[in-house]
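For reference, the structure is listed below as structure tokens.
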Amino acid sequence: MNSITPRPVDTVIAAARAFLGERLTLNDAIRQQHGRGEDTTTPTLPDAVAFVDTTEEVSRLLALCHQHGVPVTPFGAGTSLEGHVNPVRGGISLDLSRMAAIEEVSAEDMDGLIQPGVTRQQLNEHLRDQGLFFPVDPGSHCTIGGMCATRASGTNAVRYGTIRENVLGLEVVLADGRVIQTGGRTRKAANGYDLTRLFIGSEGTLGVITRIRLRLYGIPEAMVSAVCQFPDLASAVNTVIATMQLGVPVARIELLDEVQMEACIAYSKLEGMAPTPTLFLEFHGTEAAVGEQAETVQAIATDHGGSGFAWARDAETRNKLWKARHDAYWACLAYRPGKKGIATDVCVPISRLAEALLGAKEDIRASGLDAPIVGHVGDGNFHTVILVTDGDQADLDRAWELDRKIVHRALQLGGTCSGEHGVGLGKREFLEVEHGPEALAVMRSLKQTLDPKGILNPGKIFRN
Ligand SMILES: Cc1cc2nc3c(=O)[nH]c(=O)nc-3n(C[C@H](O)[C@H](O)[C@H](O)COP(=O)(O)OP(=O)(O)OC[C@H]3O[C@@H](n4cnc5c(N)ncnc54)[C@H](O)[C@@H]3O)c2cc1C
């Protein structure tokens, strides 16, 4: 009789069943849900999906995968946009969404300790009664572990920074199952290599994040939102540049072009607004400070042809406005039903924003594609959501061509291919141009040191 040698992944599955039980599943529908994120890559089914509950389980599973050379792709909520969670080499999709405990909150030190599956919405709900909030706010229901792994940000980054500035320390399980703690609780530390920031943005390729110590903030005394509409994109962009260069400490300054506004007006039922380029703004501080900041920005906007400056202090109106902004991506999809979005994510120095954004607008016109523009423009970061028919290769090729043009212009202007979404599969081709071969070689050697068998999210960041 022939004896068949089991595949390494089957050996891992059999061994991991002993401690994960039914939480290690081969169910087809669940594997399909883990086949890709919110992107247009061709899905790949993992061999199995593991739903972990504890650091110890992650450690045991990784030790097994390391021993048998089986790929592991960490999975938070699967909202990433560049093919990050597509398990291109099969193996185990490691789902961390059940690790969602808020373990500590310290109002005195304004920090908190959470598991990676917590979403920012859950955290803010939990914090509200204590007068605290966590400001990093991507427009998706993503996990904070996923945010750390992609170095995410949101509308508040212009004032409070990205996730990078708001993580004090991490617990990370390394590829071979060892568990390390990075960082600490202090606001400052000059105590060796900054491992926390090495793992932030590493996209699940260097380790699995199992605990996060976050900075928290007091809810400001006053918050005022404002909307201002412009006759053309250039006037809106120049208002942003002037505001930032003057040093007005805006909490949020977001730009939506006329196409994005048309989509948002229809999707979020925004009354009294016209489909013209628009800035959504917010000011945080004392009553006096927010009034002063809002008046300064209103004066700058008026100088640039802005009109209809509408202020809102009440929570209901402010929430409606920011919900509309956070729903911008879904508004784009509803604008052309049946289509998927490819979101570009360039970021440039603020003085080059007009060139980058107006150039992108020209590229979109020339491409003939629908691509609303929306952006965290205070940081020099904006997205074009290129609407394509999923699976239509010609459409996808045109979209990627447009993406490339927008990225290359941004790079020429001293910018980056990704301000916040990350590299995944989609942005790998730009890394060498952006960092140079030597820096990329250093990144590869870090990967080799921490994951010598290349089991962690293989195929991502580097093209090989
Ligand atoms: C509508 C919409 C709006 C968005 N808006 C924004 C925005 O404003 N700003 C922004 O930055 N992004 C935005 N995104 C992109 C996305 O939400 C972020 O990239 C988010 O951080 C991904 O989190 P996730 O939990 O979904 O991670 P996933 O998509 O599950 O994973 C993302 C990457 O992180 C890795 N990973 C996940 N969890 C861990 C972990 N615990 N340890 C190690 N690696 C891990 C995965 O392997 C993968 O490489 C948006 C996406 C959508 C669909």
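Quick look at the numbers
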| item | result |
| --- | --- |
| Selected residue [away from the ligand (no atom under 16 Å from the Cβ) and surrounded by 17 or more Cβ atoms within 10 Å (Cβ to Cβ)] from Ala439, Ala354 | Ala354 |
| Unmet requirement for Ser418, which otherwise passes all of (1) under 18 Å from Ser202 (Cβ atoms); (2) more than 20 Å from the chain's Cα centre (by Cα) | (2) |
| Any hit, region 161-169, residues being away from the ligand (no atom under 14 Å from the Cβ) and either among the hydrophobic types (A, V, I, L, M, F, W, C) or free of Cβ contacts under 8 Å to residues at least 12 places away in the same chain (or both) | yes |
| Residue check for Ala157: out of contact with any Ser or Thr (no Cβ under 9 Å at 6 or more places or on another chain) and surrounded by 18 or more Cβ atoms within 10 Å (Cβ to Cβ) | yes |
| Region 441-456, subset aliphatic (A, V, I, L, M) and over 22 Å from the mean Cα position of the chain (by Cα), residue nearest to Leu94 (Cα to Cα) | Ile455 |
| Candidates Ala328, Ala299, filtered to the one that is modelled with pLDDT of 95 or more and surrounded by fewer than 21 Cβ atoms within 10 Å (Cβ to Cβ) | Ala299 |
| Qualifying strands (runs of 3 or more DSSP E) (wholly inside region 30-97; at least 1 residues being within 23 Å of Arg17 (Cβ to Cβ) and not hydrophobic (A, V, I, L, M, F, W, C)) | 72-75, 92-95 |
| Filtered residues of region 417-429 (kept if under 27 Å from Gly91 (Cα atoms) and out of contact with any Ser or Thr (no Cβ under 7 Å at 6 or more places or on another chain)) | Val423, Gly426, Arg428, Glu429 |
| Residues being in contact with a Phe, Trp or Tyr (Cβ under 8 Å, 6 or more places away or on another chain) and either at pLDDT below 95 or within 17 Å of Arg89 (Cα to Cα) (or both) - total across region 11-48 | 1 |
| Where a residue in region 288-310 is of a type in the set (S, T, N, Q) and its partner, wherever it lies, is assigned to a helix (DSSP H, G or I), with Cβ under 9 Å and at least six apart | Thr296/Thr243; Thr296/Leu246; Ser307/Ala301 |
| Which listed residue, of Ser445, Ser418, is within 16 Å of the ligand (Cβ to nearest atom) and on the phi < 0 side of the Ramachandran plot | Ser418 |
| Region 320-342 - residue that is assigned to a helix (DSSP H, G or I) and closer than 17 Å to Gly37 by Cα and, of those, nearest to the ligand (Cβ to nearest atom) | Tyr329 |
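To keep it simple, each residue is scored yes or no on (1) within 14 Å of the ligand (Cβ to nearest atom); (2) touching a strand residue (DSSP E or B) at 6+ places or on another chain (Cβ under 7 Å); (3) not in a loop (DSSP other than H, G, I, E, B).
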{"site": "Glu125", "(1), (2), (3)": "no, no, yes"}
{"site": "Val136", "(1), (2), (3)": "yes, no, no"}
{"site": "Gly145", "(1), (2), (3)": "yes, yes, yes"}
{"site": "Ala152", "(1), (2), (3)": "yes, no, no"}
{"site": "Thr155", "(1), (2), (3)": "yes, yes, no"}
{"site": "Glu171", "(1), (2), (3)": "yes, yes, yes"}
{"site": "Ala190", "(1), (2), (3)": "no, no, no"}
{"site": "Tyr193", "(1), (2), (3)": "no, no, no"}
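One line per residue, one yes/no per condition, for (1) within 16 Å of the ligand (Cβ to nearest atom); (2) surrounded by 14 or more Cβ atoms within 10 Å (Cβ to Cβ); (3) touching a residue at least 60 places away in the same chain (Cβ under 8 Å):
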| position | (1), (2), (3) |
| --- | --- |
| Asp345 | yes, yes, yes |
| Ile364 | no, yes, no |
| Asp370 | no, yes, yes |
| Phe382 | yes, yes, yes |
| His408 | no, yes, no |
| Leu431 | yes, yes, no |
| Thr449 | no, no, no |
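The values are calculated or read from the model by the stated rules, or taken from the named source; none is laboratory data. Note that the structure is a prediction, hence the values are computed from the model and not measured. So basically every Cβ, Gly included, is an ideal-geometry build from the backbone, and we count neighbours across all protein chains shown.
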